[in-house]
1. For residue B:159, only one of the following conditions fails: (1) in a helix (DSSP H, G or I); (2) free of Cβ contacts under 8 Å to residues at least 24 places away in the same chain. What is its number?
2. Name every residue in region A:42-86 that is more than 32 Å from the chain's Cα centre (by Cα), among the β-branched types (Val, Ile, Thr) and under 24 Å from residue B:163 (Cα atoms), in order of residue number.
3. Just wondering, is there one or more residues in region B:104-125 that are acidic (Asp, Glu) and in contact (Cβ under 8 Å) with a residue 12 or more places away in the chain?
4. Find the residue count for region B:127-142, including only residues that are assigned to a loop (DSSP other than H, G, I, E, B) and open to solvent by less than 30 Å² (accessible area, probe 1.4 Å).
5. For residue B:63, work out the one condition from (1) more than 9 Å from DNA strand D (Cβ to nearest atom); (2) under 19 Å from residue A:143 (Cα atoms) it doesn't fulfil.
6. Restricting to region B:291-307, and then to whatever is surrounded by fewer than 18 Cβ atoms within 10 Å (Cβ to Cβ) and away from every other protein chain (no Cβ under 14 Å), can you tell me which residue is nearest to residue B:357 (Cα to Cα)?
7. Looking at (1) in a loop (DSSP other than H, G, I, E, B); (2) away from DNA strand C (no atom under 16 Å from the Cβ); (3) modelled with pLDDT of 95 or more, find the lone condition where residue A:148 falls short.
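The values are calculated or read from the model by the stated rules, or taken from the named source; none is laboratory data. Note that this is a predicted model, so its numbers are computed, not measured. Ideal geometry is used to build each Cβ from the backbone, glycine not excepted, and the neighbour counts take in all protein chains shown. Heavy atoms of the whole protein, side chains included, go into the accessibility calculation; ligands, DNA and RNA do not. Shrake-Rupley method; radii C 1.70, N 1.55, O 1.52, S 1.80 Å.
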Protein chains: 2
Amino acid sequence: MDFCEEFVKTNESATNLTGVMVSNLTLEDIAEQAGVSRSTVSRVVNDLPNVSEDVRRRVLDVIQQTGYHPNAAARTLASQRSWTLGLVLPQSVFQFFTDPYFPHLTKGIAQACNEHNYTLALYLVSSKEDEKKIFTRVTRKGLLDGVLVQSGHHGDQQIIGHLMDANIPQVVLGRPQHFDNVTFVDVDNVSGAYNAAVHLIRLGYRRIATITGPSLSAVGLDRHAGFTKALSDRGVKLDEALVIEGDFTEAGGYYAMQRLLPTRPEAVFVASDLMAIGAVRAAREAGLSVPNDIALIGFDDVPLAATNDPPLTTIRQPVVQFGIRAVELLMDLIENGIHPPRHVIMDTQLIIRDSCGAIRKDLISG
Amino acid sequence: MDFCEEFVKTNESATNLTGVMVSNLTLEDIAEQAGVSRSTVSRVVNDLPNVSEDVRRRVLDVIQQTGYHPNAAARTLASQRSWTLGLVLPQSVFQFFTDPYFPHLTKGIAQACNEHNYTLALYLVSSKEDEKKIFTRVTRKGLLDGVLVQSGHHGDQQIIGHLMDANIPQVVLGRPQHFDNVTFVDVDNVSGAYNAAVHLIRLGYRRIATITGPSLSAVGLDRHAGFTKALSDRGVKLDEALVIEGDFTEAGGYYAMQRLLPTRPEAVFVASDLMAIGAVRAAREAGLSVPNDIALIGFDDVPLAATNDPPLTTIRQPVVQFGIRAVELLMDLIENGIHPPRHVIMDTQLIIRDSCGAIRKDLISG
DNA sequence: TATGATTGTGGGAGCGCTCTCACAAATTAT
DNA sequence: ATAATTTGTGAGAGCGCTCCCACAATCATA
């Protein structure tokens, strides 16, 4: 019997190569060493009141010496809080994850999570099979306190419904296409695109084209709507031949521009910077100078926009703030439950660089 | 008493708006409904043997109907396995996370995790305060089964030591600078850079410069070493004035190239594609044509390299495979314990495009 | 037919926490 | 002084699983 206990103890506190104790120390072990009860140690660890100063100090000392860390799984099981948030990027954005937008967003989200001591679980859906596995993993209790879901093509928005059914707190990144009874954060794509188009009109362009995002995505639709509205508000004729659907990739922008060039537009509103970079490439290959022969304006303000040749005039999104805001909303949802869904729309900003020809125009008019 | 039980039941199985049952169903609930014991349900859920076919079917039916999911925390606590891996990106790479390399790597890792039913926890260290919080969160028991650590500047490699002390399975991404008793995956940076330099020499260039990575990083050092060795092996003089240290950013490449141009190099080996893109920009601004006036070769083969103007000759890294291999090694470590640390070095591949002038040379010699 | 091995099932003891409650001790109010 | 409150502490009952062991029922073997 004695032997058995001894064995257990040895097993509990093994020593590693560097001589530092590694251990599956428990509250009870700390309690014993500090001469108090498990409950008291728990209070100290969680910084709860009703512990006398000297006891708190004594327990803290033992914790320091032993390098005790509370077990996350046990804590989660007992408190029903995992302090982990999920970030789900659906299949339709998987290929775009290398584009600067998503890494940037992820940075914002990760930063916000760190700040509030949440762990961030990343779910990148790369295939239909992934999706199934991820569905069950995300809705499983005891792992996530809440989920951020990137909105995407309408084909992969089932996850939002699943989470609603499972009653799991969620915040959607970007306006979801088929749900309005869910909290989401979005950037004002309509007004951003509107401002971009107005900027081109103000610069005197009248034959204005657009390379849109996928018509299956809310982002693509919204930016297209803003563009259209600006033209109609300002009495500029919208030629359907000047509207080409792109896919948010560099190559997509390149091919769209190639199709657009025969129509001889004076200016193009491209629904993303990456596509704009491709569009510039196509224009240049066709012997055209940007902005002298054709003006361009992008959307996003990715880091590359500024260093592109020519630097891109674009609509800046507050990407990092966007991520932070989403996390804050989610935490609020987790803490205070489901009040009526909230919709946060963030503003964009027109960044004037060279590709729109504003600088050239200035020189002419000045 | 009866009332109380009734109340508990009601509480357990609330109905949501869509009428679908949401519940904190437990094994016991399923057991009761299927008329078997908790143990049997557990066997069914975990697909263990020793369950008769009809019982298995009956239990499966109940699970299907109720939408039961096992609780992750409880499972983790009881089995001491969380099925979660951590990916730690130290502070020195935080700013690079938007570069295509890390998102690409993350994709590979995420894919591998999905495939093996692991959840991926992402830790992006954005500051010194983050680092502290993340240290404790990563070493905490009951959350992670193992950790992938990106190697970075020698200043932020403490985490590797911490994990070793805590006896947590880890695989380092990239050769760590100060540990060799740890399992890591790396790309053969030395031979990659060597091949790049040899390629330039073969094309007839003799005045060959390099824009290196940070001398604080193993990657920067290794690529520089490979470059140097190639020149010395081939009897090409290495002029120290032709070596400029960069920082892996586009802007860094731009400025490095500006400093390099007065020395009139014929060709430049740039230690990353992003820096190469910046270098092209600087060369062009100085009125030089790439590759006619100056040849360039990059490293990484990010997607942009192919669409750059001119398309970049570069050294391709098997980024996705790299991530997958790292996950596999980590899973092996988790399952089979710490055998002597393994070092996996993956091969690179020379991708010839336009920026090195190979095509021009072909025309001349052909 | 008796014996042993195999298969199927249930009970129980944890895993390491949180959290409510009981209760003693110290404080304040009456 | 006593009663009422506040503060500090510990015991105990879970949280929802896994996993070992006991045991009955079935099968193969002697």
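1. Every condition holds for residue B:159 apart from (2).
2. At the first step, the residues of region A:42-86 found to be more than 32 Å from the chain's Cα centre (by Cα) are A:42-45, A:47-68.
If we keep only those that are among the β-branched types (Val, Ile, Thr) too, we end up with A:44-45, A:51, A:55, A:59, A:62-63, A:66.
A:45, A:62, A:63, A:66 - these are the residues of region A:42-86 that are more than 32 Å from the chain's Cα centre (by Cα), among the β-branched types (Val, Ile, Thr) and under 24 Å from residue B:163 (Cα atoms).
3. Narrowing region B:104-125 to residues acidic (Asp, Glu): B:115.
Keeping just the survivors that are in contact (Cβ under 8 Å) with a residue 12 or more places away in the chain gives none.
Within region B:104-125, not a single residue is acidic (Asp, Glu) and in contact (Cβ under 8 Å) with a residue 12 or more places away in the chain.
4. To start, the set of residues in region B:127-142 that are assigned to a loop (DSSP other than H, G, I, E, B) comprises B:127, B:140-142.
From the residues that got through so far, the ones that are open to solvent by less than 30 Å² (accessible area, probe 1.4 Å) too are B:127, B:142.
Summing the residues that are assigned to a loop (DSSP other than H, G, I, E, B) and open to solvent by less than 30 Å² (accessible area, probe 1.4 Å) in region B:127-142 gives 2.
5. Failing condition for residue B:63: (2).
6. Only one residue fits best here, namely B:292.
7. Answer for residue A:148: the failing condition is (1).
A quick yes/no check of all residues on (1) within 16 Å of DNA strand D (Cβ to nearest atom); (2) within 11 Å of chain A (Cβ to nearest Cβ):
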residue	(1), (2)
B:110	no, yes
B:122	no, yes
B:127	no, yes
B:130	no, yes
B:143	yes, yes
B:162	no, yes
B:166	no, yes
B:170	no, no
B:175	no, no
